[in-house]
1. Round to the nearest 0.05 the FRET efficiency obtained for Asp44 and Asp96 when R0 = 35 Å and r is the Cβ-Cβ distance.
2. So, by mean Cβ neighbours within 10 angstrom, what's the order for 84-90, 12-18, 42-48 with the highest one leading?
3. Send over a whole-number figure in Å² for the accessible area per residue of the stretch 1-69, probe 1.4 Å.
4. Could you go through the stretch 92-100 in sequence order and give the Karplus-derived ³J(HN,Hα) for each residue, using 6.51 cos²θ - 1.76 cosθ + 1.60 with θ = phi - 60°, rounded to whole Hz, and x for Gly and Pro?
5. Residue by residue through the stretch 15-20, what is 3J(HN,Hα) from phi via Karplus (6.51 cos²θ - 1.76 cosθ + 1.60, θ = phi - 60°)? Round to whole Hz and write x for glycine and proline.
6. At a 1.4 Å probe, what is the % contribution of carbon and sulfur to the accessible area of the stretch 21-83?
7. Subtracting the Cα-Cα distance from 0.36 nm times the residue separation, let me have the gained length for Lys51 to Lys77 in nm, one decimal.
8. If I model a spin label as a point 7 Å beyond the Cα along the Cα-Cβ vector, how far apart are those points for Lys15 and Val60 in nm?
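The values are calculated or read from the model by the stated rules, or taken from the named source; none is laboratory data. Just so we're clear, the structure is a prediction, and the values are computed from it rather than from any experiment. Positions of Cβ are generated from backbone atoms using ideal geometry, with glycine treated the same way; all protein chains shown enter the neighbour counts. For the accessible areas, the whole protein counts, side chains as well, though only heavy atoms, and no ligand, DNA or RNA atoms are used. Shrake-Rupley method; radii C 1.70, N 1.55, O 1.52, S 1.80 Å.
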Amino acid sequence: MCMVIIVSFTCHRLKVCQEEEDWEMIEKRLGCGQVEELIEEARDELTLIGKMIEWDPWGVPEDYECEVIENDAPVPKHVPLHRPGPLPEEFYKTLDALSKKDEPKITSGEPQIKE
């Protein structure tokens, strides 16, 4: 699920950049900061891809046992209680715009680029 959202955001940003030549319009349509910041963020993400492959954070040993905590069960003291804060409003606007599109859903981790 997360990979689909990431690919959708990337494709959306690419489409906006292809449709607009004025950097101010790109910033306005994306609502995610300055173009320079977006370029730096993209470079960081490209670096992170290689690190994630190297680190293999999704790899779990076969003999690993996970403690399952049901929604109504009290959280044990040894488990950190993490409640993330709200996401910026721009995130929800972009997500809503992407979900309203009639484009086919991406089912693989591979980017789908239209020619």
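1. Once the sixth-power term is evaluated, E becomes 0.85.
2. 12-18, 42-48, 84-90
3. 85 Å²
4. Values per residue, Gly and Pro as x: 5, 5, 5, 4, 5, 5, 5, 6, 7 Hz.
5. 4, 4, 5, 6, 7, 10
6. Solvent-exposed carbon and sulfur of the stretch 21-83 make up 54 percent of the total.
7. Full extension of this stretch gives 6.2 nm more.
8. 3.4 nm
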